[in-house]
Amino acid sequence: MCGIVGYAGSQNAAEILLDGLKKLEYRGYDSAGIAVMNNKHISVNKVTGRIENLCEITENGRSVIGKIGIGHTRWATHGSPTDINAHPHMSNSGKFAVVHNGIIENYIALKQELINKGFNFESETDTEVIAHLLEMYYTDDIKKAFYKAVSRLEGSYAIGVISTDEPDKIFLARQSSPLILGVGMGENYFASDVTALVAYTKNIIYMDDGEFAELTPDYIKVFDWAGHPVEKPINRITWDIQAAEKGGYDHFMLKEIIEQPAAVRAAICPRIKNEKICFDDSGIDKSTFTGVEKIIITACGSAYYAGCCGKYIIEKLCGIPVETELASELRYRNPIIDENTLLIVLSQSGETADTIAAMRECKNRGAKTLAIVNVVGSTIAKAADYTIYTLAGPEIAVATTKGYTTQLAVLYLFSVYFAKEKMLLNDEEYHRLLTELKDLPKYVEEAIDMNFNISELAKKYCNTNSIFFIGRNTDYAVALEGALKMKEISYIHAEAYAAGELKHGTIALIDENQPVVALCCNEQIIEKTVSNIVEVKARSARVIGVSFKNNEKILTVADDIIFVPRVDGLFAPIVEVVPLQLLAYYIAKEKGCDIDMPKNLAKSVTVE
Ligand code: F6R
């Protein structure tokens, strides 16, 4: 979704803005623009298509002179992707330039009011109302006008404004859309995402909802809704720019698949101390989950599918009922929730609009909330009662991989921790599970190594129009993620099906043109899935079996085999998903797809 970036300092702003915008490309966008202050004049450059186009018309920013500026990548919501609809948007007098992420829900009424007062609108966007509101309220104090303009807005926003009347300042406001400030020496920055700033500074201030800021080369001041100054801590980013670069890989997605052993290690190992799981970095202790009688897991997309695995794992280990529900459904339902309900919220970005809304709804109904989130300081991380970070590092490819596996890793840790607190594990079993947990990074690494030549299999199946993914129990939960990976990056129709359900209708679709990926890693029910393989083979389907090394039963029935290391059945999802990620990746590569930025998708879905 949209990204914003801004700079105030002594260097040529446009070059820094363009570099920041390039770092935000992964979020998904269809147009981009910058506004730079030069001698009390704002010059605006904006174009549809890639940032490269913006670089071309500005000679990589060199032809735009000025030391203060704001930039934007737009993912069209209101109005099609055109040069005019691209941000920044100007007020009629040319005094104010605005960039905005989010959605102004009451923009139609505001637009009518402004038109009645004689303001001219150039674009179809909701954002343009902000520029005209500023002009309407401005007499001699921009801060006052900004507060008044923002107080009229309903919806979500991260806003950056520059004005010719205070040419060395950037004005900022945040509500339900990420906004961070970068602290430099004689220069300061803002952005919607740390990746845009990490090459310039590692000192970051996370703005909260309802906060405003003033940013100049020399200072950053943050204010609350009433205009009172707010003391904000400066946080140090622990990863560097290499983590957000491809580092020799063809795609971020491949790099992130390969990074999974390290990411899973980072999520698990620091939290096992003296042969005990501790979440002291999350404020969780013995009493935190006392009285919990029911768990609801909510999330969107892949995070939801990680939650589907979590349901099996938690119910098995902790003996507590777990419901999983898509955030976009949960938020509009009347869920039965009380103070004995624990809501687990999964999100890589921590900014997914539906997940935030579902969390708020459940919190209002009394649920305790536990967020499992990757992006530090994100909205979900801050709003939850407890947050466990997945510590995966920056995930740039739109299709999540290490985000998903680290969510699983934390769900495993949580389940073993909770089961122990509930006295459901004796010491021997607890230590056995701890050993398995510590070994997971090694198993994930083996799953990658064992599937190095999956690119050959990809060549064989890349021309198909449709693939089924079947499995039972945790295998089914992983099938859901395998099918999503295939759809989103290779554009091949894929469907995950509970293997036992095939006979109830879907088997009608099976023929020689319908490959089936059959997941058989859950030893308890392998026999049953093998029967389903035999059934689809009888209808001429080609079957790719996924199972642990040397599983004879699979060898005899499947046409092609993908092996993963043998692990305790409970932990199978975290290893069996790896070859499915690789298969989707190599099929998409064979087809020449834009793997890191699949069409129509955005990394962080900040609108409903
Ligand atoms: C798929 C994918 C999405 C996200 C979903 C939730 O590869 O990445 O389905 O999982 O949009 O995003 P987060 O986890 O940021 O809340």
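The values are calculated or read from the model by the stated rules, or taken from the named source; none is laboratory data. Values in this document were obtained by computation on a predicted structure and should not be read as measured data. Backbone-built Cβ (ideal geometry, glycine too); neighbour counts: all protein chains shown. Remember, those area values only see protein heavy atoms, side chains included, never the ligands or the DNA or RNA. Shrake-Rupley method; radii C 1.70, N 1.55, O 1.52, S 1.80 Å.
Some points to look at:
- Residues that are within 27 Å of Ile268 (Cα to Cα), open to solvent by 10 Å² or more (accessible area, probe 1.4 Å) and more than 13 Å from the ligand (Cβ to nearest atom) do occur in the range 357-368, at least one of them.
- Among the residues making up the range 473-526, those that are open to solvent by 10 Å² or more (accessible area, probe 1.4 Å) and among the basic types (Lys, Arg) are Lys487, Lys503.
- Remark: pairs (first residue in the range 200-229, free of Cβ contacts under 8 Å to residues at least 24 places away in the same chain; second residue outside any strand (DSSP E or B); Cβ separation under 6 Å; 6+ apart in sequence or on different chains) = Thr201/Gly184; Asp224/Val230; Trp225/Gly210.
- Scanning the range 251-265 for residues that are among the aliphatic types (A, V, I, L, M), touching a Pro at 6+ places or on another chain (Cβ under 9 Å) and surrounded by fewer than 21 Cβ atoms within 10 Å (Cβ to Cβ) returns a single hit, Ala262.
- Verdict on Asp126 being outside any helix (DSSP H, G or I), of a type in the set (Asp, Glu), at negative phi and crowded, with 22+ Cβ neighbours inside 10 Å: yes
- Screening Ala496 with (1) part of a helix (DSSP H, G or I); (2) within 16 Å of the ligand (Cβ to nearest atom) gives one miss only, at (1).
- Of the residues contained in the range 340-355, none is found to be farther than 27 Å from Thr195 by Cα, open to solvent by 10 Å² or more (accessible area, probe 1.4 Å), within 14 Å of the ligand (Cβ to nearest atom) and in the same structural domain as Ala397 (by TED's automatic domain parsing).
- Matching residues in the range 390-417 - criterion: being more than 13 Å from the ligand (Cβ to nearest atom) and open to solvent by 10 Å² or more (accessible area, probe 1.4 Å): Leu391, Gly393, Tyr417
- Filtered residues of the range 314-339 (kept if modelled with pLDDT of 95 or more, open to solvent by less than 20 Å² (accessible area, probe 1.4 Å) and over 24 Å from Asp568 (Cα atoms)): Ala327
- Only one of the numbered conditions (1) under 30 Å from Ile587 (Cα atoms); (2) more than 24 Å from the chain's Cα centre (by Cα) is violated by Phe252, and that is (2).
- Some residue of the range 234-242 being closer than 30 Å to Glu608 by Cβ, in contact with a Phe, Trp or Tyr (Cβ under 7 Å, 6 or more places away or on another chain), open to solvent by 40 Å² or more (accessible area, probe 1.4 Å) and in contact (Cβ under 8 Å) with a residue 12 or more places away in the chain: yes
- Which numbered condition Asp596 misses (of (1) open to solvent by 10 Å² or more (accessible area, probe 1.4 Å); (2) away from the ligand (no atom under 12 Å from the Cβ)): (2)
- Glu523 more than 16 Å from the ligand (Cβ to nearest atom), farther than 23 Å from Thr464 by Cβ and not assigned by TED's automatic domain parsing to the domain that holds Phe252: yes
- Here Gly102, Gly71 are screened, and the one residue that is open to solvent by less than 30 Å² (accessible area, probe 1.4 Å) and at positive phi is Gly102.
- Only helices (runs of 4 or more DSSP H) whose full extent lies in the range 1-118 are considered here, and the ones with at least 3 residues that are in contact with a strand residue (DSSP E or B) (Cβ under 6 Å, 6 or more places away or on another chain) are 13-23, 51-57.
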